[in-house]
Structure formats: C-alpha cells, structure tokens
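These notes are about the structure you will find just below.
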Amino acid sequence: MTNQQIQLTWEDPTTGERREPKLNLPIAFGREFARLPAELNGQPVARMLLNSNEVSRYHALITWENNQLIVIDQGSVNGVLVNGQRQPRSVLNNGDTLQIGPYTMMVSVANNATPATPPITSPPSLIQFNPNTNIPDPSLPSARPVTPLGSNFPPPAFQAEQIVVQAIHATGLPVDECDYLAVGGGLGSFIWSDLLRISGVRAEKIMALGLEPEPYARYKRLCLNSQIPLHERLRSNSDSCPDNIWGWPSYAWREAWHDLTTGKPNTALRYLWQVFGEPTFAETYTPRAANVFDSIDREAKRISWNQIYRYGRVRAIRKTDDGRYCVAYSRGQGNHAFLVSRYIHLATGYPAIQFLPDLQAYREKYQDFKSVVNAYEAHDHVYEQLERQGGTVLIRGRGIVASRIVQRIYEARRKNTNITVLHLMRSPKPQGNKFQKAQRLVKNHYEFQPFNWPKACWSGELRVMLEQATPDERKRLLTDWGGTTTADRYDWQQITEDGLKEGWYQITFGDVLTVERDAKNRTLTQIQEKGFGQMKLTADFIVDATGLDAKVQANPLLDDLVKHYNLPLNYLGRLVVANNFEIPEMRNGKGQMYVAGAITLGGPYAAVDSFLGLQYSALVAVDGLAAARAPGVGRLNPFSSFGQWLKWVLNQSP
C-alpha cells in the first residue's frame, strides 16, 4: 500500500519533551543515517535517527505487508519490544507501544481507528514567572514577547556590538562597577559567590542581581507548591550541600548528630546506615527541606550575602569597549541603572513552567484556574477540598513531582477515603533505560532512580566520559542516561501498590483529544486509549506534573543575548559552554562570562540543575578565573582549603 502514513509519539529521553513525527512507510530506525536504507523495493525510505548507544546502527524497519503494519528487527543488539515483549517480527496495531533503546513510542495508524478528533499536539504552553515578583503567574500570556529591550530602556547604545562605557555614563543613570557580577540571584549565584569568598575575594568586590534576597526563594516556593513541605525530604544527596563546598559534615551526619543529642539514637543510626548501605542495602538518604534552607541562611550570613545581593531585574548584557561587560537592569518601575563588571556569572534558572497545551486551552476557554492546575503553582485548595468533600484527581506526568502529588493525595485519604486518583500516562513503560550492563528498575510504569541522573554523572566515570565526548557522543550518552524517572523510595512504591490493589488509584494510557467541562462543572478529558477506542475521564481536578522549561526562547534576557551575539546552541536548544562552563564566544579581552544551571544541559555535565551540579560548575568556573589571574582569586590548596573549612565549622567570615 503506497503513501501509508503513521504517527509516532514519544517523550524525549533527555528532556521529557514530546515528539510527534508523521512519517510515510517504510521507516528505518537506527543510530547512523549512513547505515539506513535510502530505498526499499524501489520506494524511498523515511529514515528516523535515534541517537543512543542502545540503538544499533540499523536497528529496525516498519513496513506494510499483506495489508498489515509490520515491524522487523534488523539483527539489533538490544532488540525491539512491542507492548513490552521482545519481538523479532511483529504486527503493529493502532495504539501499540514500540520500544527501541530508550525510546518508547506510541504508534498511531492513519486511516485505521484514527480518532475523529485529532489530539492537541501544539508545543507545550508555558506558565511564566512574573518578571517583577518571581512567582508563577498563569495570567501572563503563554507567548509573551521575549525581547527585553523596551522603548526607553536600555538606551539605543545597547544595539551596538560593543558599548562605549563613556556613553553609559552620559545617560545620567546610575552606573556602578564591580569585579564579579552574578546574574540571577538564586542558588547558582549564591554558590558561585560563596566559592569566590572562600577563594579570597572580598564581599565588596562581588554583586548579585536578583528579585528575592533569599537565594533559595524560588526553589523553596516551587517545593512548597509541588507539595514538599519543610519537614519532607528533597531528591538530593547527603553530601550535596549548597552551604558547604566540602560536603562534610554531610546532611546525614548533621541530622544524625541532632537526633543523637536530642535523645533519638535509633533514628541517628538509621541515617548513618542509609549512607553506608545505599542504594543496595538501604534506601538512599535525602535531606529534609528545612535543614537545607536553614543551612543556606547560616552560610549567607557568614559570607555577607546581604552585602553582595542587590535587587534588580536584568534587561540586557553587552560587551564594553574596555574588555568588560555592561548590564542594564531595573530596580523598579521607571528606576533603571547599569553595572559594569569584568567577570559575569549567569545562573537564571528555569524561566517558565511547562503546561500542557490541552490544559491551557481549557483554562482559556472556561477561565477556570481552580480545577486545572500545574503542580508548581500554588494549589493547596485542591487538597483542602478533597479532605472536606472527597473527589477525583486526574494526574498528568509520571516523574518525581507526580509521585509526590500521589503521596499528598494518599495523606488526604487519611481524612477522607472518598478520594480516587486517575493517572493518565501517554504510553506504558515496559522496561527502563539501559546503559552498558546497567538497567533501571520499572514498577507499575514508573522508572526508578535515586536521583534525576545516575550518580556517576556527578563526580564519577560518567562525568569524565561526558566531558571527553564529542557533541554527537554527548547526545547519545545523555539520551541513554536521561529519562523521566522518580525517586526509588519504598513508601512511594508501597502507596502505588496499595492504591492499585484497593482500587482508588488507576493508571490509564492514551492521547488526550479534548478537555472540556461537563454540566456539573467537572473536568471531562476525552482520550484515545490503546485497545479501547475513545474514552472519557471525569475528574474534579487535573494536576499537570510535566515539569519546568529551560529553553533559551523562554528567557527574554538569554534570548536577547543569543540573538545579539549569534551564540551557538546545542542540540537541546541550550547554551554551548566549554568544560569549565565559560561561553567562549562572549570572551571580551580579559573579560569572561560563565553560566550554570539547566540552560547548559547538553554540554559537558549532565546533572546541571542539581545542588552538586551547581557546585561543580562553580568550582571549574572559579578555577578558570584563578588560571586567568582574576583579582583576589586564589587557588585552594590542601592548607588553605582546610583553613577555610575550619572557618566554616566555627561560623567565621571567610
């Protein structure tokens, strides 16, 4: 049959973003285009490149034979899985799941049980952070203009490649100077400033621009919104301490000491055993949120963060004619100023929250911001109503946030058992990602891993492997290591098992066609479900737990910087950085610009948005400053490092 077309739908293994190509048959899958056939029986072949080491060079072929859709394994190493079963040759039906390496795809066959109403497949909408309050604001348009350049500020001089410093002074607006400037004011800025202080730089030589004085303010808010209260545990390691670059004493030691001195020896020993035996013999230790924030408060006072931090919304950054950088920022409505600095560190964090397009369409149609919410928005009213009245919640997404939402609903059921959960997933997850001989555990379609990346990505052999890899190799490695995972916590696994057995928790697979409101003002989600045609799911609330967005285009400052200086982006659309996290194209004489966080994913480091990832990027960046003989920056040696650690223990200024 000629011109037969199918649609393949999957979530990108690295970022979780949706991919939905429509392709004509036949289709060849493989790791290298050169190994895939260009024609088959005289027909042109659609060639689908899957960049993963778990995918063979010519892995599989989908073709049409005897009025049937057939997938054929082409002698691949890891095989082809159809609906979770390895098959050398298999018929594909509408809605079947096809797994090739880390790619789990839903197959939709055109003209064969295709839904009358096509799924909403536009790119994910965004919930922007309010540029003045740093709070997720669903009232902002999802496609607001990204240019930071207003009609009056920054001035016309900012259109130039290099700015004459004298022209900035001529504007009459305030102009300050510093040696080191951290843009963002969050955890990335704090960790970089902390390391500069430890390396010998005085507080008055450093400035950090941000919107909130506490460096963890946005992170804390997102934790609380996604139902991680202060007494709960974060998905972080014991020795990933933003307040302590040495990682000793770790959070586990500190918590054990606290419990030991307050008459709780059993729990103290349990924390130490967890660190000793994790993850093989014990559950991985993770710190309590309150302990993390309290420790950062202590370190902020020690390094004089209140002197370093300055309120300001950065509008644009430009190179200057004297080998520095000029930052235009706003201190309030109509209150503008400039900062000129030799060394800049960008750590702007996630600029927006991903919001599924069908849910965005629902909210725009009904102006209902209570029934349909994002897990990162404030939505405590959902659980308060459930505890009072009971009801049904539909959850979208299956990562760490979705697991925490399920736990929160489980806690609500202690007050009201008339609560049910419908968990809508796009496709089954029959097996976890593999890399070499290791494979991740999957239970009930959740893929488990203690942290968001394999632990060796932080400071082990996988980190070294990624640093030494070419861009193409990095893409394959990050694909194999990535994926939508949740923490390997015993209590979460038990909640899921109990919910499935007791019937109050149900998992459904399918593509969303529409989201409407019924006559009783409940949400009505129509899906195309595998094997059952169209189906309607009714719920009192829908919680979108699909994550955060780090695209350059979603951040006005970064988007302007990339366009103005024509900066290269990697395959994920993030900034290209050197192994020390410098942006080489932004070098300006002796001036250097470094960057950290999610905007660097796809480069030399995998876990860029973690506590330890921010610490590592700061370490190599400050190392680069020391090599460039930046003023006041001294390399830490065993003696100076031990001396600074003693000052940390005694809570003395660096």
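What follows draws every value from the coordinates through simple rules; no lab data is involved. Since the model is a prediction, treat every value here as computed from it, not as a measurement. Neighbour counts are summed over all protein chains in view; Cβ atoms, including those assigned to glycine, are modelled from backbone coordinates with ideal geometry.
Global dimensions of region 436-558 from alpha-carbon coordinates: Rg and Dmax equal 19.6, 59 Å. The calculated FRET efficiency for the pair ASN566 and HIS381, based on their C-beta separation and a Förster distance of 41 Å, comes to about 0.35.
With 5 Å bins beginning at zero, the pair-distance distribution over Cα atoms of region 345-416 amounts to 3, 12, 22, 23, 18, 11, 6, 3, 1, 1 %. Qualifying chymotrypsin sites (Phe, Trp or Tyr not before Pro) in region 479-560, where qualification requires a DSSP coil assignment and no more than 14 other C-beta atoms within 10 Å, comprise PHE532.
You can think of it this way: the chain between ALA578 and GLU204 has 131.8 nm of extra reach, that is 0.36 nm per residue less the Cα-Cα gap.
A dipole drawn for the chain from +1 and -1 charges on Cβ atoms has a positive end, and of LEU466, LEU209, GLN526 the residue lying farthest that way is LEU209.
Here each label is just a point 7 Å from Cα along the line to Cβ, and for ARG331 and ASN306 those points are 1.9 nm apart. Taking Cα atoms only, the orientation of helix 490-502 departs from the longest principal axis of the chain by about 30 degrees. Measure out, as a whole number of angstrom, how far apart the alpha-carbon centroids of region 474-493 and region 501-558 sit. So the separation of the two Cα centres works out to 22 Å. The orientation-averaged shadow of the Cα convex hull for region 472-518, equal to a quarter of the hull surface, comes to 6.5 nm². Stretching the chain fully between GLU473 and ARG587 yields a gain of 38.4 nm (0.36 nm per residue, less the alpha carbon separation). Per-residue ellipticity at 222 nm computed for the chain from its helices equals -8000 deg cm²/dmol, with DSSP H segments shorter than 4 residues left out and the rest contributing -39,500 (n - 2.57). The distance separating the Cα centre of region 237-262 from that of region 151-167 comes to 48 Å. 7 Å from Cα along Cα→Cβ at both LYS520 and ALA627: what's the point-to-point distance in nm? A separation of 6.5 nm, rounded to one decimal place. For the Cα trace of region 169-238, dividing Rg by the Kirkwood Rh returns an Rg/Rh value of 1.12. Of the peptides 343-351, 216-224, the ranking by mean beta-carbon count within 10 Å, highest at the top, reads 343-351, 216-224. Highest average first, the peptides 429-436, 24-31, 607-614 ordered by how many other beta carbon atoms sit within 10 Å of their residues are 607-614, 24-31, 429-436. Full extension of the chain between VAL175 and LYS22 gives 49.7 nm of extra length, using 0.36 nm per residue less the Cα-Cα distance.
Its alpha carbons considered, region 516-612 gives a radius of gyration followed by a Dmax of 21.2, 66 Å.
Size descriptor for region 5-109, Kirkwood hydrodynamic radius: 13.6 Å (Cα pairs only, one decimal). Dipole magnitude for the chain: about 340 debye, using +1 per Lys or Arg Cβ and -1 per Asp or Glu Cβ, origin at the Cα centre. Each of the peptides 411-420, 71-80 was scored by the mean count of other Cβ atoms within 10 Å over its residues; in descending order, highest first, they stand as 71-80, 411-420. When all alpha carbon pairs of region 564-654 are counted in 10 Å bins from zero, the resulting P(r) reads 16, 38, 31, 12, 3 %.
Positive end of the charge dipole of the chain (Lys, Arg +1 and Asp, Glu -1 on Cβ, about the Cα centre): tell me which of PHE448, TYR616, VAL421 has its Cα farthest that way. Looking along the dipole axis, the top candidate is TYR616. Taking a straight line from the alpha carbon of LYS434, these lysines sit under 28 Å away, with near neighbours fewer than eight places off in the same chain left out: LYS22, LYS443, LYS455, LYS475, LYS530, LYS551. Couplings 3J(HN,Hα) of region 178-186, computed from phi: 8, 7, 10, 10, 9, 9, x, x, x Hz, in residue order, whole Hz [Karplus 6.51 cos²θ - 1.76 cosθ + 1.60, θ = phi - 60°; x for Gly and Pro]. Computed across the chain, the Kirkwood radius stands at 26.6 Å (inverse of mean 1/r, all Cα pairs).
In summary, region 326-472 shows an alpha-carbon radius of gyration equal to 1.49 times the 2.2 N^0.38 Å reference for compact globular proteins. Against the chain, whose longest principal axis comes from its Cα atoms, helix 289-302 is set at around 20 degrees.
Spatially, region 340-399 and region 428-460 are offset by 26 Å when compared through their Cα centroids.
Label-to-label distance, THR417 versus VAL164, with points set 7 angstrom from Cα along the beta-carbon direction: 8.0 nm.
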